[in-house]
Structure formats: structure tokens, C-alpha cells
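Below: one structure, written as C-alpha cells.
The values are calculated or read from the model by the stated rules, or taken from the named source; none is laboratory data. Small disclaimer: the values here were computed from a predicted structure and weren't measured. Methodologically, a virtual Cβ is constructed for each residue, glycine included, from the backbone with ideal geometry; neighbour enumeration extends over all protein chains shown.
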Amino acid sequence: MTKMQGMFETALANPWDTLRSILDEPLHPGGREATENLLDRAAVTAGTQVADIGCGAGGSLSAARDRGADVVGIDHAPDGKDVVQGDMRHLPFADDSIEVVLAECVMCLTEQRETAIRETARIVEPDGYLALSDVTVEGQLPNLPAPITNGLCLETSQSRQKTIETIEATGYDVIDVQDHRDDILTMQEKLQNSVDYEQILGLLGERGQRLLDGIHEAEAAVTDNRIGYISVVAQRSDWVSIPSCRYSRQHLIRG
């Protein structure tokens, strides 16, 4: 019992590593196939300069690198090749220096989403692209336990329409939107088949029951499309006003 509780506490403390042990990289609905599709829609080919915001373990970086793109990842805890430390609200790049910004399942992690997306518009070159995917929330969600809200990136998620409006308000023309309902349902089914929630949480008494109820509520919200997942490709608008360069005119400011 004590060992099981310890394992469970570890899983709650770092849900991403737990999911990584179950799901394939990149760690979002649709995995690498969805990333490849997003890269195709943003015209990423050999030589394209790509910045991956919140790159995590680097699965999407690998996908872009494999097609010959010139890639760099930004993460608060950088790990691996071609990854530097950075904050999505203050990106360490010169103005107009990146052809494509990739932002998969990361804007939902900040309350300053508009600031973060506007910052991508600063670094994207004229006519460059933002390739974004994110969790969406429609209507009122149930009051879920914090570990579930945090693990599913629901705390600051927006609706599909609000996500599009925010992108358009920050200097982009949205040119393509795809719904990934099938991918999120597949991801949910894989988790259900891989983890025996009933057995594990049944050992944790009242707390376990609250979490189990929350999981069932979240699964129902996915099933009825209150929780969804979309990908968006947007092109930097001609009218967007970019502030004067805050960095030297090199591709990346390291350190």
C-alpha cells in the first residue's frame, strides 16, 4: 500500500513523464503523425527555419529535423540537441528571423496567451507561419480535481472560436483549422486500456475516489466534445506592427 501510494504521488507530481511512459512522442493527440501533418500545412521543408516553443522532450523537433529543417527548440528546462532555455512570453530571437513557429499544446499552459502569441508574431518573418495546436474547452466544465485540470492543460484553455480570435488579434491571418476529435478519442482509449484506474485509485480511499470521479467526468467531457483539440496554421498579417528589435540581428541570442 505504501509503495503504491508513493508511485501514485510521483505520477501526480510529474504527469508528463507518466504519460510519456504510455504514449509515443510527441506527447499530444495524434502524436508524430499530427505533427507531420502540421509541418506539411506550414510548408516546412529542407532549410526552413523552425522554432519549436515549449519543445519538451524534442519529439516534434525530431520530426522537423528529419525533413531537413533548420530547427531550434525553446523550453523552460532545456534538454537535448538544439534546445535553449527561454520563456514563451519573451522569446530569445531577433525580429523577423524565423520562418515557422511551432507551438503544440503549449499556449494552454500560460494565462498570458495573447502576449505569448503576439511574441511569436514578432519573431516570424513577413509572410511566415504560426503552426499551433491546442486543447479547447467548450462551455462549462465540471469542477475537476487540480491534478486532472493541470494534467489535461484545462486551467487556461479557450474555446475553439476564442483560440482563433486570439491568433487573429495578435497579428496573423488564420488560413487553416483542423479538428482532431478522432485523435483525442484515440488517446483517451489508449490511456483507458493501459491504466487500471479503478484498481490503482481504489487503494487510496476517499482521495482516490474523488480522483476517479474526476477522471470519469473528464472522459465524459471528451466524449461529448466539451474538451477538444485543434490545430491552426496562420500567416503573419501584412498589417501587424512589430516593435523595434530588442536583440542583435543574429538568428538566436544564446545565454
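Among the residues making up the range 87-115, those that are among the hydroxyl-bearing types (Ser, Thr, Tyr) and either buried (at least 20 other Cβ atoms within 10 Å of the Cβ) or not in a helix (DSSP H, G or I) (or both) are 97, 110. Within the range 160-195, can you find the residues that are more than 21 Å from residue 114 (Cα to Cα), hydrophobic (A, V, I, L, M, F, W, C) and either touching a Lys or Arg at 6+ places or on another chain (Cβ under 7 Å) or in a helix (DSSP H, G or I) (or both)? Within the range 160-195, 184, 185, 187, 191 qualify. Scanning the range 207-219 for residues that are touching a residue at least 40 places away in the same chain (Cβ under 8 Å) and of a type in the set (A, V, I, L, M) returns 211, 215, 218. Checked against (1) touching a residue at least 60 places away in the same chain (Cβ under 8 Å); (2) not in a strand (DSSP E or B), residue 84 passes all but a single condition, namely (2). Which residues, taken from the range 196-255, are in a loop (DSSP other than H, G, I, E, B), among the charged types (D, E, K, R) and either under 14 Å from residue 147 (Cβ atoms) or modelled with pLDDT of 90 or more (or both)? 224, 226, listed by residue number. Within the range 61-81, if we keep just the residues that are closer than 11 Å to residue 48 by Cβ and hydrophobic (A, V, I, L, M, F, W, C), the residue that is surrounded by the fewest Cβ atoms within 10 Å (Cβ to Cβ) turns out to be 69.
Among the listed residues 77, 46, 64, identify the single one that is among the small types (Gly, Ala, Ser) and touching a helix residue (DSSP H, G or I) at 6+ places or on another chain (Cβ under 9 Å). Within the list 77, 46, 64, the selection yields 64.
For first residues located in the range 124-153 and among the small types (Gly, Ala, Ser), partners that are crowded, with 23+ Cβ neighbours inside 10 Å and modelled with pLDDT under 80 and lie 6+ apart or on another chain with Cβ distances below 6 Å do not occur.
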